[in-house]
Amino acid sequence: MSFQHHITETILERYEHEKDIFSDKIRTVLERVSTNLLSIPITFSVALFGLREINEKWLINIFIIALFVFVFFSCSIQGLFIMELNIIRKEIHAKKDYFLKLLPTLNDYFNNISKPQLQKITLLQVLTGLIIVAFIFLCYYLICNYINSPIKDR
C-alpha cells in the first residue's frame, strides 16, 4: 500500500468519524425539536380547556399572561435550536474545508457525504421556524378570542 493511499484512507476515516459526531448532534437537536412539536397541541388543548372552565375575568387574564410567557419562552428555546443548527452547519463546513485542504481531489466525496446532513439541518430549521409560528398563532388566537370577551358569551 502506498503512502498516498494510506493518507487518503486515514483522512477518509477521520471525516467519517466527524460525520458521525455531526449526526449525533443533529439527532439531539431533532429530539428536542420533536418534543417541543408535541407540546403545541397539548398547550392548545390545555389552554382552551382552562379558559372554558374559568368564570372570572381576572383569572382569564392571568391565564392568558401565563400562556404568553410560556409561548415567549418556547419560541426563545426554538430560536436557540435554530442557532445551534447554524453552529453545526458551520462546523460541518469548517471540517469539510479542513479535509479538502488535506485532500483536495475528494471534493465531490466530501460534498456528497455532507449533503444529507446539511439538508437535515435545513429541514430542522424550517420545522423549528414553523413551530415558532404555530406558538405565536396559538397565543394570538387565544388572546383575540378570550382576553376581551365577556364571560357570559362563552
#### Entry: Relative contact order (%) - the chain, alpha-carbon pairs under 8 angstrom, separation at least six
42
### Query
Of all the Cα-Cα pairs you can form in region 1-55, what percent are over 14 Å apart?
73
### Query
PRE reach from C144 (point 7 Å along Cα→Cβ): which of region 2-43 fall under 18 Å by backbone N?
none
### Summary
Expressed in nanometres to one decimal, the distance between label points 7 Å along Cα→Cβ at L102 and I136 is 4.3
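What is the Å³ per residue value for the convex hull set by the Cα atoms of the chain?
88
Let me know the charge dipole size of the chain about its Cα centre in debye, to the nearest 20, where only the beta-carbon of Lys, Arg (+1) and Asp, Glu (-1) is charged. Let's see the in-between values first.
Numbers: 16 positive and 14 negative charges, 76 e Å.
Taking the Cα centre of the chain as origin, the dipole is about 360 debye.
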### Task
Grab region 3-153 and count how many Lys pairs have their alpha-carbon atoms under 22 Å apart, sequence gap of 8 or more, or different chains.
20
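No lab work stands behind these numbers, since they all come straight from the coordinates. Just so you know, these numbers come straight off a predicted model, no measurement behind them. Note that each Cβ is placed from the backbone with ideal geometry, even for glycine, and that neighbours are counted across all protein chains shown.
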